[in-house]
Amino acid sequence: MRAPAALRLLAAALAGAMLAGCGLQPAGAPEADLAAARHVCDAQYPRRIGNYLRHALCFNAAVERHAIPTARYPDLVRLQAEARVRLAEKVDRRQIGVQTAEHRMREADTLVAAAGRERDAGKEDGARRRLAAIDALLR
C-alpha cells in the first residue's frame with residue numbers, strides 16, 4: 001500500500017534541512033528528487049536512536065527545495081515538516097517509541113491532507129479544526 005502524498009511530503013520535509021550540505025543535485029520531478037533525497041538521508045542517518053532528528057532535518061531540507069516551490073499549501077507542507085521534527089526529537093530522547101512516532105506521523109499526514117481538501121472546498125473552519133488536531137497530536 002502506498003503512503004499518502006502528504007505523508008511522503010512530510011517525510012521528505014523532515015529530512016530536508018540538513019540535506020543542503022549533502023551535495024544532492026536536482027534530478028527532475030519533485031517526487032523523484034524527494035525519493036533520491038530520502039535515499040541520501042537514509043544512508044547518512046540510518047534508523048537508530050540518535051539519528052531520527054538528523055534524518056528528519058535532512059529530509060526537510062529536501063522538501064524545502066523540491067516540494068515547497070510547487071506546493072498548493074506550503075504552510076501545510078511545513079506543518080508536516082514540523083511534525084516530523086517534533087516526533088523525531090521525541091524518539092531520539094526516548095520519550096516515545098519509533099512505532100508510536102510513525103503512527104502519529106501517519107495521523108498528522110492524514111489530517112494535513114484533510115485540511116488541504118477542506119481548503120479546496122472553501123471550508124476554512126474545517127481546515128482549522130484539522131490543524132488544531134495536529135497540534136494536539138504532537139503534544
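Here, each number is a calculation from the coordinates, and none is a lab measurement. Here the structure is a predicted model, which is why all the values come from computation and not from measurement. Note: ideal-geometry Cβ built from the backbone for every residue, glycine included; neighbour counts use all protein chains shown.
The table for this structure:
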item	result
Karplus-derived HN-Hα couplings along the range 47-56 (A = 6.51, B = -1.76, C = 1.60, θ = phi - 60°), whole Hz, x at Gly and Pro	5, 6, 4, x, 10, 4, 5, 4, 4, 4
HN-Hα J in Hz across the range 112-126 - Karplus 6.51, -1.76, 1.60, θ = phi - 60°, x for Gly and Pro	5, 4, 5, 4, x, 5, 4, 4, 4, 8, x, 9, 5, 4, x
Residue 124 paired with residue 89, simple spin-label distance in nm, labels 7 Å along Cα-to-beta-carbon	2.9
Phi-based couplings in Hz for the range 87-98 (Karplus 6.51, -1.76, 1.60; Gly and Pro marked x)	5, 4, 4, 5, 5, 4, 8, 6, 7, 9, x, 4
Length gained when the stretch residue 44-residue 132 is fully extended (0.36 nm per residue, less Cα-Cα span)	28.3 nm
Rounded FRET efficiency, nearest 0.05, which uses the C-beta distance separating residue 70 from residue 107 and R0 of 25 Å	0.50
